[in-house]
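J.: This is the structure I want to talk about, given as structure tokens.
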Amino acid sequence: MLDRLPLLIGLRYVRAKRRNHFISFISLTSMLGLMLGVAVLILVLSVMNGFDHELRTRILGMVPHAKIESRAGLVEWEALAEELMQRERVIGAAPFVEQQGMFSSAGRNEGAMVNGIHPEWEDRVSIIGRHMQQGSLDDLAPGEWNVVLGSLLARHLGVGVGDRVTLLVPEASITPAGVFPRLKRFTVSGIFSVGADLDANLAYANIEDMQTLARLGDAVGGLRLELDDLFAAASETRAIVNQLGTGYRGTDWTFSHGNLFQAIQMEKRMIALLLTVIIAVAAFNIVSTLVMVVTDKHADIAILRTIGATPRSIMGIFMVQGMAIGVIGIAVGVGLGVLLALTISDLIGWVESALGIQFLDAGVYFISDLPSRLHWSDVRDIIAAAFGLTFLSTIYPAWRAARVQPAEVLRYE
């Protein structure tokens, strides 16, 4: 019976209605603090995981993991692509010609990067084919001078499928009438949308048309590579350039989007640390609760000691009480946090539809909706941290209770 004493009495103290309502209020505050802290931490980390996942799939699905270029252009690019595909980490390769320019239509001008691609090869390194709103990459036939625009770029230009746009490239053409910028008329054959900033500044055309426009002849600008591990892009790019020798240069995704990814990782760590402090404050409120309970229960402690309860049993009573408060708060917080993490995207979408506003602008935040991706490893770590802080907060009050001297307390009873 004495072995079960701490558990029975500790749980009874949790359920009992105390005469001191202030103690009850502090207990409730501690429980609510733990609940909200755990729930918010799960939700925020899930949203940060969602941003991280969107970066890897949407943006890096459109941006090549690595690019291999030659100063003189690549003529035998198919042989080079087959050679690079023999490498362990390279899972896809496709040729490209990049051209920075400005589209113009009906007096509207928008700058964009135009990628000359081979429609049959592009799916090896890009997800563009799975995000076509209108048209298809197969419409980019050589000699047709068709172009596929991002949805935001098309909206800013006020054009749709079948409309014509003019591309101005920053190179001059010398004619008998003088020096003029190079212009070319394209027909919009498709529109894509990945819900990122790329929708506003990216366009695709056939690689042969772009070779003609850039005056490259049979050469291409380089090869875009897809790797099995995007975090190995930097080292793999260096290894490929060293293998190919002089005349080649390589870049990887970290040059264009590495800072964004690092910022997300840093923000995730800092937010997790700050929200853990909230959990710590709520957990250590349990210290105040238990100290006041110990003071209120001096007579009970003295009686228990006189009938044979050991100091260890007394400590166990108040540790059970503190941990019970923590368990309830953590359990409710985990349930609420998991529920919000799984539904926050739909909830925000409903609020945006109801209010007619958009919280995330793709041109600013890289994505147009709030992503959430629940990782059970994060939930496990949060539960462990919350339990650890709760356990630490019970030690001092329980130790004080164990030091109560029955003779001194009962002398005045």
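Here, each number is a calculation from the coordinates, and none is a lab measurement. Just so it is clear, the model here is predicted, and its values are computed rather than measured. In this analysis, Cβ positions are derived from the backbone assuming ideal geometry, glycine residues included, and neighbour counts consider all displayed protein chains.
J.: Read phi for every residue in region 308-324 and hand back ³J(HN,Hα) as whole Hz from Karplus 6.51 cos²θ - 1.76 cosθ + 1.60, θ = phi - 60°, with x for Gly and Pro.
T.: x, 5, 8, x, 5, 5, 5, 4, x, 4, 7, 5, 4, 4, x, 5, 5
J.: Magnitude of the Cβ-charge dipole of region 190-286, K/R +1 and D/E -1, about the Cα centre, nearest 20 debye? Write down the numbers at each step before the final one.
T.: Numbers: 6 positive and 11 negative charges, 83 e Å.
Computed charge dipole of region 190-286: roughly 400 debye.
J.: Here is a further query. To test your reading of the geometry: what angle, between 0 and 90 degrees and rounded to tens, separates the Cα axis of helix 254-296 from the longest principal axis of the chain?
T.: Once rounded, the angle reads 10 degrees.
J.: Evaluate the charge dipole of the chain about its Cα centre and quote only its size in Debye, nearest 20, assuming +1 on the Cβ of each Lys and Arg and -1 on the Cβ of each Asp and Glu. Mind dumping the intermediate values first?
T.: Working: 34 positive and 40 negative charges, 558 e Å.
The dipole magnitude comes to about 2680 debye.
J.: A further question follows. Identify all aspartates and glutamates with a Cα-Cα distance to LYS268 below 13 Å; exclude those on the same chain that are fewer than 8 residues away in sequence.
T.: ASP52, ASP378
J.: Give me, ordered by chain and number, the residues 5 or more places off GLN133 or on other chains with an amide H under 5 Å from its own placed amide H.
T.: Amide H neighbours of GLN133, under 5 Å, 5+ apart: ILE191, PHE192, SER193.
J.: Evaluate the distance, in nm, between pseudo-label points positioned 7 Å from the Cα of SER288 and of ALA72 along their respective Cα→Cβ axes.
T.: Taking the two extended label points, one gets 7.7 nm.
J.: Convert each backbone phi in region 105-118 into a coupling constant with the Karplus relation 6.51 cos²θ - 1.76 cosθ + 1.60 (shift: θ = phi - 60°), then list the ³J(HN,Hα) values in order as whole Hz, x for Gly and Pro.
T.: 7, 6, x, 9, 10, 9, x, 7, 9, 9, 9, x, 10, 9
J.: Another question, if that's okay. For the chain, calculate the relative contact order in percent as a whole number, restricting contacts to Cα pairs under 8 Å that are 6 or more residues apart.
T.: Computed value for the chain: 29 percent relative contact order.
J.: Using alpha carbons only, how many degrees (0 to 90, rounded to 10) separate the axis of helix 376-402 from the longest principal axis of the chain?
T.: That helix lies at roughly 20 degrees to the long axis.
J.: Under 12 Å from the Cα of LYS67, which aspartates and glutamates turn up, not counting those fewer than eight places away in the same chain?
T.: Straight-distance partners of LYS67: GLU98, GLU226, GLU236, ASP252.
J.: Can you check what the net charge comes to around VAL194, using other residues whose Cβ is under 10 Å from the Cβ of VAL194 (Lys, Arg +1; Asp, Glu -1)? Walk me through the intermediate numbers first.
T.: Numbers: positive: ARG58, ARG130; negative: GLU54, ASP197, ASP199.
Net charge around VAL194: -1.
J.: To continue, here is another question. At 10 °C and 1.306 mPa s, what whole-number value in µm²/s does Stokes-Einstein give for the translational diffusion of the chain, with Rh from the Kirkwood sum over Cα pairs? Display every interim value, and only then the final one.
T.: On the way: Rh = 26.2 Å.
Using the Kirkwood radius from Cα pairs, D works out to 61 µm²/s.
J.: Using only the alpha-carbon atoms, how far is helix 5-15 inclined from the longest principal axis of the chain? Give it as 0 to 90 degrees, nearest 10.
T.: 70 degrees
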